Amino acid sequence: MPLTGKRGIRTTDIILTLIMLLVTLLCLLPLIYVISLSFSGKSAAASGAVTLFPVDFTFYSYEYMFKDSRFFDAFGVSVKRVLLGGAINFVLTILMAYPLAKERLEFRSRDIYMWVIVFTMMFTGGLIPWYMVVKSLHLTDTIWALVLPTAVPIFNVILLMNFFRGLPKEINESAKMDGAGPWRTLITIAVPLAMPAIATVTLFSIVSHWNAFFDGLILMNKQHNIPLQTYIQQLVVAPSISSSTRPEDLINFSQRTFNAAKIVVTMLPILIIYPFLQRYFVHGITLGSVKE
Amino acid sequence: MRDSKNTFHYHLMLAPGMILLIIFGIVPLFGMAIAFQDYIPVKGIFGSKWVGLENFKYMFELDDSKIIFFNTIFISLMKMLMNVLIPVTTALLLHEIIFSRLKKWMQTIIYLPHFLSWVILAGILNDMLSQNGIVNQVVTAITGEPIFFLGSNNWFPAVVILSDVWKEFGFNTIIFLAALTAINPSLYEAASIDGAGRIRKIWSVTLPGILPTIILVSTLNIGNILNAGFDQIYNLYNPLVYESGDIIDTYVYRIGLVQYQYGLATAVGALKSVVGFILIFLSYRLAAKFAGYRIF
């Protein structure tokens, strides 16, 4: 059917919008599915009746989970690493980005530092030598194993450095005139001005600390020391390989809603901070990268 | 006088971070010596026997190494291709949407998966793709029998590539969308006056407008070709799919920290580091030359 100009545009608009709505829904479906699974009854989950809404709504999986002390231990380790690791990242990122944002004339060694930093980002010794260094420092099975090797998030340092560079130079000059030293200028002027960028990198570092599982896997040997993601990895991801080979295994069926509940609780903190995260980070990732 | 005093404080600010970077970034480089040793942990680096290039020779003789190098490059190339194609398409579609509130919502939702860990997503995928999972219910309804997605060498790479696209396409869309909004609106007006329709405008104005960004992203991707995604594959794979899914990083982890063949694992890792470094260096140089890109 031939359509006239204006009407035609309206139809394509609707089709395009519907396509994008479908794409958007596709992003949410797995998350909705796991949430409904976690609130569903055992037999409904087992028979595969659960899709977008919980079937036989129950809190059973959550009640069962809250009795699990190992889950709480792991949750505690994760909270601890986010707070401690996030604080260390916060302080070191600011302390490194500020002097690196200085012009070469003002801080001659700046370029040398920069080359070392970029070199460590581009060239690594590989997993085994890194593991041996952490081990020989006797960090294994301490919280420091999770926060010290990741203490300097290089990408964040570069991001913040580029933000500092974009601040008007006159402000620093006038602070200098007033007799403020570098520490005072940093704390009272540069940091408040760079707050949007600092919020971005801090959220990035919180997310990466919360999501990390591998360091917990190889550096923590005692069960009560492993962070939440590692705990989930060990209990949910690894054993379910065998569960898919033995679909008749009845024990795994109850495990299914229970695992779903653990997954939901683990992703909850990310979903909670997501509104803040998304407000800053679009700005953040375009902040320091492409420059003409 | 004053300036040199400031310089001292700048060094002081950098010191704690630099010390940690040197400990965890530079010191391990010396540990790469293990690659040339028959390393025995109790003897340490200074006590273990030097074997020259023995570990590297052994690596190239192993059938495993051909497989892991192929898998690594194949999976990451496919991911790179898809992670440019799909986000560009998504950006074009989003850009055409006239309901601006809805558009904002869509944008916000599609990059949510980027912030969830592979542990979480693999947990969900494992359930969805299992024999009696939600996906196989649909498959069974259509073909009559379920597909063993995570246990079949035919399906595993596809699952890896597609789930990575699912997780990252929204995030990757942002940069193309930013490039789209930077296109001068008068170009569209001029095209309209010349009688260009929607498709023609996309082809002649939009695509040329974001081409530099596409080239820049693709160039920077070259540096990551040896990173096929450890977190993802480690959480999705199992011995049944080593043949199609084992990559350099998972292999190094297994032979090094599970089987304790330190010398061999370090050699494989070292080779990856050196080649990776050359690739990153080249990609940065290319990006600087053709797109004026600088990281600092």
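Every number here is computed from the coordinates shown, using simple stated rules; none is lab data. Everything quoted here is computed from the prediction, not taken from an experiment. Heads up, the Cβs are rebuilt from the backbone with ideal geometry, glycines too, and the neighbour counts pull from every protein chain shown.
Table for the structure above
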{"item": "Cα→Cβ-extended label distance, 7 Å offset, between B:R101 and B:A288, nm", "result": "4.9 nm"}
{"item": "Dipole of chain A, positive direction: furthest Cα of A:L26, A:W144, A:F71, with charges on the beta-carbon", "result": "A:L26"}
{"item": "Student exercise, chain B dipole from Lys, Arg, Asp, Glu Cβ charges, in Debye to nearest 20", "result": "1020 debye"}
{"item": "Angle between chain A longest axis and helix A:195-211 axis [Cα atoms, degrees, rounded to 10]", "result": "40 degrees"}
{"item": "J(HN,Hα) series, region A:95-102, from Karplus relation 6.51 cos²θ - 1.76 cosθ + 1.60, nearest Hz, glycine and proline x", "result": "4, 8, 5, 5, x, 5, 7, 5"}
{"item": "Principal-axis tilt of helix B:156-181 within chain B, Cα atoms, nearest 10 degrees", "result": "50 degrees"}
{"item": "Proxy reagent accessibility, fewest Cβ within 10 Å first, across B:L286, B:L116, B:L12, B:L121", "result": "B:L12, B:L286, B:L116, B:L121"}
{"item": "Ellipticity estimate at 222 nm from DSSP helix runs (n ≥ 4, -39,500 (n - 2.57)) divided over chain B, nearest 500", "result": "-22000 deg cm²/dmol"}
{"item": "Of A:K80/B:K104; A:K222/A:K262; A:K169/B:K104, those spanning more than 30 Å from alpha-carbon to alpha-carbon", "result": "A:K80/B:K104; A:K169/B:K104"}
{"item": "Chain B: relative contact order in percent, alpha carbon pairs under 8 Å with at least 6 residues between", "result": "26 percent"}
{"item": "Charge dipole (debye, nearest 20) of region B:44-91; +1 at Cβ of Lys and Arg, -1 at Cβ of Asp and Glu", "result": "120 debye"}
{"item": "Extension gain, A:K80 back to A:D56 (0.36 nm per residue minus Cα-Cα distance, nm)", "result": "5.0 nm"}
{"item": "Protection proxy ranking, peptides A:135-142, A:81-88, average beta carbon neighbours within 10 Å, highest first", "result": "A:81-88, A:135-142"}
{"item": "About the Cα centre, charge dipole magnitude for region B:183-246 (Lys/Arg +1, Asp/Glu -1 at Cβ), debye", "result": "380 debye"}
{"item": "Farthest toward positive dipole pole in the protein assembly as shown [+1 Lys/Arg, -1 Asp/Glu at C-beta], among A:M132, A:L92, B:G25", "result": "A:L92"}
{"item": "Max mean-square fluctuation residue, GNM over chain A, Cα-Cα springs under 10 Å, options A:L268, A:L235, A:L105", "result": "A:L105"}
{"item": "Chain A, relative contact order [Cα under 8 Å, separation at least 6], %", "result": "29 percent"}
{"item": "Helical contribution to [θ] at 222 nm, DSSP H n ≥ 4, -39,500 (n - 2.57), averaged over chain A, rounded to 500", "result": "-22000 deg cm²/dmol"}
{"item": "Gap separating the Cα centres of region B:48-83 and region B:193-235, nearest whole Å", "result": "28 Å"}
{"item": "Distance (nanometres) between label positions extended 7 Å along Cα→Cβ at B:M80 and A:Q278", "result": "3.1 nm"}
{"item": "nm² value of the averaged projected area, convex hull over the Cα atoms of region B:137-231", "result": "9.8 nm²"}
{"item": "Nearest-0.05 FRET efficiency for B:I215 and A:E170, computed from C-beta distance (R0 35 Å)", "result": "0.40"}
{"item": "Where only C-alpha atoms are counted, convex hull volume of chain A per residue in Å³", "result": "234 Å³"}
{"item": "Volume in Å³ per residue [convex hull over Cα atoms, computed for region B:138-296]", "result": "164 Å³"}
{"item": "Peptide B:169-180 - average C-beta neighbours from other chains (10 Å radius)", "result": "2"}
{"item": "P(r) of chain B over all Cα-Cα pairs, binned every 5 Å from zero, in whole percent", "result": "1, 5, 8, 11, 12, 13, 12, 11, 10, 7, 5, 3, 2, 1, 0, 0, 0"}
{"item": "Ratio Rg/Rh [Cα only; Rh per Kirkwood] for the protein assembly as shown", "result": "0.98"}
{"item": "Förster radius 35 Å - calculated FRET efficiency between B:T108 and B:F8 (Cβ-Cβ, nearest 0.05)", "result": "0.15"}
{"item": "Cα pair distances in region A:111-215, grouped into 5 Å bins until the bin that holds the longest one, percent each", "result": "2, 10, 15, 17, 17, 14, 10, 8, 4, 2, 0"}
{"item": "Lys/Arg +1, Asp/Glu -1 at C-beta; the protein assembly as shown dipole; positive extreme among A:M267, B:I193, A:L277", "result": "B:I193"}
{"item": "Length-normalised contact order for region B:26-153 - Cα pairs under 8 Å, 6+ apart - percent", "result": "10 percent"}
{"item": "Label-point separation, A:E106 to A:V91 (7 Å along Cα→Cβ), nm", "result": "2.4 nm"}
{"item": "Selected from B:L279, B:L29, B:L220 as most flexible by GNM, with chain B as the system and alpha-carbon contacts under 10 Å", "result": "B:L29"}
{"item": "Distance from region A:144-164 to region A:173-198 (C-alpha centre basis), Å", "result": "20 Å"}
{"item": "Table column - 3J(HN,Hα) (Hz), region A:41-46, Karplus curve with 6.51, -1.76, 1.60, x for Gly and Pro", "result": "x, 4, 6, 5, 5, 5"}
{"item": "22 Å Cα-Cα reach of B:K57 towards lysines, excluding residues that sit fewer than 8 places from it in its own chain", "result": "B:K49, B:K66, B:K272"}
{"item": "Residue among B:A196, B:A267, B:A35 with the largest mean-square fluctuation in a Gaussian network model of chain B, springs linking Cα atoms under 10 Å", "result": "B:A196"}
{"item": "Estimated FRET transfer efficiency when R0 is 30 angstrom, pair B:I23-B:L162 (beta carbons, to 0.05)", "result": "0.15"}
